[in-house]
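So the structure is just underneath, and the comments pick up after that.
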C-alpha cells in the first residue's frame, strides 16, 4: 500500500464500468487520494451511450464512479471535457483547482482505439487510411495528453510541490502493428512526449512516466475487433472475446491476459513517493510479450 493521503488526482477516460480508468481511479482512492474523474463531453442533444449490460446494472458513468470513490471515504468529482480542445482542458484544471485547490497527480488514460463511425475496417493500411480517422485517433491519444500535461504541469510548477504524471500508452507504442498506423503513431508519440516532459519538468520535481499495457481484460478493449469477429462467425460477444484472448496467449510468456488491476498496480506505484527517482520511463505491463 502507498500513502496518497492529501493528494488530488485527475484520471481521464474514467466513465466506463469495466474500463481501465475507473479501476485506476478507485485504486488511487484506496491509497488515500481524492480523485477527479474525467469523461467524454457529449452535445446537449446527444445522451451518453452506455452498454446494455451497464444499463441493466444501473450504471451512470462518471456519477457512479464518484459514488464509488466516496464509498471508499475519499472525495470524488466529475468533469466532462473534450480533451482535444484546449478550452475544455483548461476548464477541467480550473474546476479541479476551484474544488480542491491543488493537483498532485495526472493520469492520461483516455484513449480512442478506432472510430465508432465510418466504413473503414478496424485494420486499415496507411495508404487506405482516411485523414478523418488519422486526425480523430491522434487528437485523443496524443493531442489530448499534450494539452492535459501542459495545463496540469503549469499548475504543479506554480505550486512548487512537485507532482506525478502518468501517461497510459500501449505495446503499440513500442512496436508497429500492421493496420493500426494511426494508433501506433499516437502511442509512439506519447512515449516521446513523456521523455521530453520528464527532462523539462525534472527541475520542478515532477515525475513523468508511461505505462505500456498489452491486452487487458476490460469490456471495452478491442471491442470493435471482437464485435466484427462475433458477426463474421455468428457467435456471441463473450465467445468472440475468448477466441481473441486465446489467439494472443501463445505470445504472452506469463500465459494470461492482463487484468485492469495489473496496470493499476503499476500506476499506483508511479504515483507514490517510492517512485521519486524514476522519470522518463516507459514501463511494459504485457506479461513478458514486450521486453524492451
(request) Working carefully through the options 53, 71, 57, 31, find the one that is free of Cβ contacts under 8 Å to residues at least 24 places away in the same chain and either out of contact with any strand residue (DSSP E or B) (no Cβ under 6 Å at 6 or more places or on another chain) or buried (at least 24 other Cβ atoms within 10 Å of the Cβ) (or both). (result) 71
(message) Here's a check for you: in the stretch 127-165, which residue that is in contact with a helix residue (DSSP H, G or I) (Cβ under 8 Å, 6 or more places away or on another chain) and in a loop (DSSP other than H, G, I, E, B) is surrounded by the fewest Cβ atoms within 10 Å (Cβ to Cβ)?
(response) 160
(message) Which count do you get for residues in the stretch 189-207 that are more than 15 Å from the chain's Cα centre (by Cα) and either under 30 Å from residue 243 (Cβ atoms) or assigned to a strand (DSSP E or B) (or both)?
(response) 2
(message) Going by what's in this entry, would residue 177 be described as buried (at least 20 other Cβ atoms within 10 Å of the Cβ) and either modelled with pLDDT of 95 or more or not in a strand (DSSP E or B) (or both)?
(response) no
(request) Report the residue count in the stretch 183-198 for those that are in contact with a strand residue (DSSP E or B) (Cβ under 9 Å, 6 or more places away or on another chain) and surrounded by fewer than 23 Cβ atoms within 10 Å (Cβ to Cβ). (result) 5
(message) Need pairs with beta-carbon distance below 7 Å; first residue touching a residue at least 40 places away in the same chain (Cβ under 8 Å) and within the stretch 238-261, second surrounded by fewer than 17 Cβ atoms within 10 Å (Cβ to Cβ) and not in a helix (DSSP H, G or I); sequence gap 6+ or separate chains.
(response) 257/217; 258/217; 259/217
(request) Keeping to the stretch 74-90, report how many residues are surrounded by 17 or more Cβ atoms within 10 Å (Cβ to Cβ) and part of a helix (DSSP H, G or I). (result) 2
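Yes/no matrix, rows are residues, columns are (1) more than 30 Å from residue 29 (Cα to Cα); (2) within 23 Å of the chain's Cα centre (by Cα); (3) surrounded by 14 or more Cβ atoms within 10 Å (Cβ to Cβ):
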site: 231; (1), (2), (3): yes, no, no
site: 240; (1), (2), (3): yes, no, yes
site: 243; (1), (2), (3): yes, no, yes
site: 257; (1), (2), (3): no, yes, yes
site: 260; (1), (2), (3): no, yes, yes
site: 268; (1), (2), (3): no, yes, yes
(request) Starting from the stretch 75-87, keep only residues that are over 18 Å from residue 61 (Cβ atoms), then list their pairs with residues that are in a loop (DSSP other than H, G, I, E, B) and at pLDDT below 95 whose Cβ atoms are within a distance under 9 Å, requiring at least 6 positions of separation or different chains. (result) 85/41
(request) Would you confirm whether any residue within the stretch 275-286 is in a loop (DSSP other than H, G, I, E, B), surrounded by 14 or more Cβ atoms within 10 Å (Cβ to Cβ) and within 16 Å of the chain's Cα centre (by Cα)? (result) yes
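The values are calculated or read from the model by the stated rules, or taken from the named source; none is laboratory data. Because the structure is a prediction, the values reported are computed rather than measured. Note that each Cβ is placed from the backbone with ideal geometry, even for glycine, and that neighbours are counted across all protein chains shown.
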